[in-house]
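The next block holds one structure in the form of structure tokens; read it before the comments.
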Amino acid sequence: MTDRSNGYDPVADRFAAIRSDIGVEVVRDWARTLPAGAGVVDIGCGTGWPVATTLADAGCAVAGIDASPTLLAAFRRALPGADTACEAAEDSDFFGRRFDGAVAIGLLFLLSEAAQAALIARVGRALHPGGRFLFTAPRHAVTWHDTLTGRVSRSLGEGGYRTLLADAGFHPPRIIADNGGNDCFTAVAASTERA
Ligand SMILES: C[S@@+](CC[C@H](N)C(=O)[O-])C[C@H]1O[C@@H](n2cnc3c(N)ncnc32)[C@H](O)[C@@H]1O
């Protein structure tokens with residue numbers, strides 16, 4: 001079967017072993033901006049720790065999507081009641097639902113430029129008006145090799161993401177650095193329904 005996880009399933013155990021809690025404070029602060037009991041889809045959710053577990057602790061109803069069967073199995077153990085889908089973000093219909101929030105931590109830059117653009121557009125459509133999107137990517141356009149998988153990662157940079165977010169109906173993003181120096185984009189879906 002084709003690996004859609006951009007090389008993460010074969011290194012799942014190693015990824016799980018080295019994942020730190022870097023970025024948790026940004027996720028926790030972001031969760032405070034959501035309505036009580038918000039429905040949040042975690043795209044590229046990994047094991048669920050620490051992102052989805054932080055969201056669940058904040059009272060969110062989290063659903064997880066990941067293309068790695070091994071990592072999603074760990075997510076299901078960590079959040080037994082959560083909706084989950086083992087599928088590529090590029091193909092996902094986000095459970096055929098709309099959400100109050102979407103997070104994609106450590107995912108976007110694993111995808112091709114075209115796939116990143118398509119995903120941001122579909123996140124825009126999957127959010128309720130006023131819904132919020134949090135994702136990580138270097139604010140400078142850059143390519144590098146993922147330290148775990150060796151595969152090429154690519155950030156489209158602040159300008160690229162600003163354009164894609166605007167095209168997808170988001171207000172201009174805020175960009176903050178987490179405690180590990182990772183750039184985090186937060187954007188709010190325009191409250192007017194788009195055609
Ligand atoms: C760097 S890890 C981040 C995991 C998690 N978000 C976290 O912060 O711990 C990237 C995750 O994206 C998943 N992934 C990679 N390509 C994907 C794709 N095309 N669709 C869905 N998930 C994907 C990997 O399996 C992995 O769980």
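Bear in mind that the values in this text are calculations on the coordinates, not laboratory data. Computed from a predicted structure; not experimentally measured. Counting neighbours? That spans all protein chains shown, and the Cβs are built from the backbone with ideal geometry, glycine included.
Before moving on, here are some points about what is shown:
- Under-5 Å amide H pairs with residue 63, H placed in peptide plane, nonlocal only: 40, 41, 42
- Formal net charge of residues neighbouring residue 61 (Cβ-Cβ distance under 12 Å; K, R +1; D, E -1): -2
- In the chain, a dipole from Cβ-located charges (positive for Lys and Arg, negative for Asp and Glu) runs towards its positive end, and of 8, 85, 68 it is 85 whose Cα lies farthest in that direction.
- Residue-averaged [θ]222 nm for the chain, counting only DSSP H segments that reach four residues, each worth -39500 (n - 2.57): -8500 deg cm²/dmol
- In segment 9-188, Cα pairs under 8 Å separated by at least six residues give a relative contact order of 19 percent.
- Computed 3J(HN,Hα) for segment 50-64, one whole-Hz value per residue from the Karplus formula 6.51 cos²θ - 1.76 cosθ + 1.60 where θ = phi - 60°, is x, 6, 5, 5, 5, 5, 5, 4, 7, x, 7, 8, 9, 10, x, glycine and proline marked x.
- Segment 100-195, Cα convex hull volume normalised per residue, Å³: 89
- Here the chain is treated with +1 on each Lys and Arg Cβ and -1 on each Asp and Glu Cβ, and its dipole about the Cα centre works out to around 240 debye.
- Here each label is just a point 7 Å from Cα along the line to Cβ, and for residue 91 and residue 148 those points are 2.1 nm apart.
- Cα gyration tensor category, rounded, prolate or oblate, for the chain with a/c compared to 1.5: rounded
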